Amino acid sequence: MKVYIVKDAEQDIVDIYDFIALADSIEKAEYVLKNIEEKCQSLSECPDRDHFPPELERIGIFEYREIHFKPYRIIYQVVATKVYVHCVLDGRRELQNLLANRLLR
């Protein structure tokens, strides 16, 4: 399957990189970026293996799945032979409203 990172998710990744580079180091930011990119690309094989985000599952939405590079959550959708990464978010945040607003607009 082909993996696509949508614009919002690209911005999430840039924001994560910038935050880590400022708060910690560029080396740590590069490490996190590399691992997030690898996780996203791993979705090209067996993307249905992962679970539904509980915040969406609770409201009956089952078209999105998630994988983790802790503490980050990568929210994606499988459509035919394509995988769309919609969000890369810090799992320590309260995400119910953010997920609903971003994915259900």
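Every number in this text was worked out from the coordinates using simple rules, so none of it is lab data. This is a predicted model, so every value here is computed, not measured. Here the Cβ is made from the backbone with ideal geometry for all residues, glycine too, and neighbour counts use every protein chain on show.
Mind pulling the angle between the C-alpha long axis of helix 26-42 and the longest principal axis of the chain? Nearest 10 degrees, somewhere in 0 to 90.
With rounding to tens, the tilt is 20 degrees.
Scale the Cα Rg of the chain by the rule-of-thumb value 2.2 N^0.38 Å and send over the ratio, two decimals.
Computed over Cα atoms of the chain, the ratio equals 1.04.
What does the helix-only formula give at 222 nm for the chain: each DSSP H stretch with n ≥ 4 adding -39500 (n - 2.57), the total divided by the residues, and the result rounded to the nearest 500 deg cm²/dmol?
Numbers: 4 runs with 46 residues, N = 105.
Helix contribution divided over all residues of the chain: -13500 deg cm²/dmol.
For the residues Ile75, Ile13, what sequence is obtained by ranking on other C-beta atoms within 10 Å, fewest first? Numbers along the way, then the final one.
Numbers: Ile75 25, Ile13 19.
With the fewest neighbours first, Ile75, Ile13 line up as Ile13, Ile75.
Could you pull out every residue, at least 5 positions away or on a different chain, whose amide H is within less than 5 Å of the one on Phe69? Hs are placed 1.01 Å off N in the peptide plane, and Pro or chain starts have none.
Ile74
What list of ³J(HN,Hα) values in whole Hz, one per residue of the stretch 47-53 in order, does the Karplus curve 6.51 cos²θ - 1.76 cosθ + 1.60 (θ = phi - 60°) give from phi, with Gly and Pro shown as x?
With coefficients 6.51, -1.76 and 1.60, one gets x, 7, 6, 8, 9, 7, x Hz.
Please report the net charge: other residues with Cβ closer than 12 Å to the Cβ of Pro71, K and R +1, D and E -1.
+3
Using 0.36 nm times the number of residues separating Glu45 and Arg92, minus their current alpha carbon distance, what extension gain do you get? Spell out each step's value before the answer.
Values: separation 47, 0.36 × 47 = 16.92 nm, distance 2.73 nm.
Going from the current span to full extension adds 14.2 nm.
Rounded to the nearest 10 degrees, what's the angle between the helix 7-23 long axis and the longest principal axis of the chain, both from Cα atoms, 0 to 90?
That helix lies at roughly 30 degrees to the long axis.
Kindly flag which residue pairs out of Lys28/Lys70; Lys39/Lys70; Lys34/Lys70; Lys7/Lys70; Lys2/Lys70 have an alpha-carbon separation exceeding 19 Å in this structure.
Over 19 Å Cα-Cα: Lys7/Lys70; Lys2/Lys70.
How long is the gain from Ile61 to Asn35 if the chain were fully straight, where each residue apart is worth 0.36 nm and the alpha carbon distance is subtracted?
Contour length minus the Cα-Cα distance gives 6.6 nm.
Report the antiparallel proportion of the DSSP beta bridges in the chain as a percent, rounded to a multiple of 5.
80
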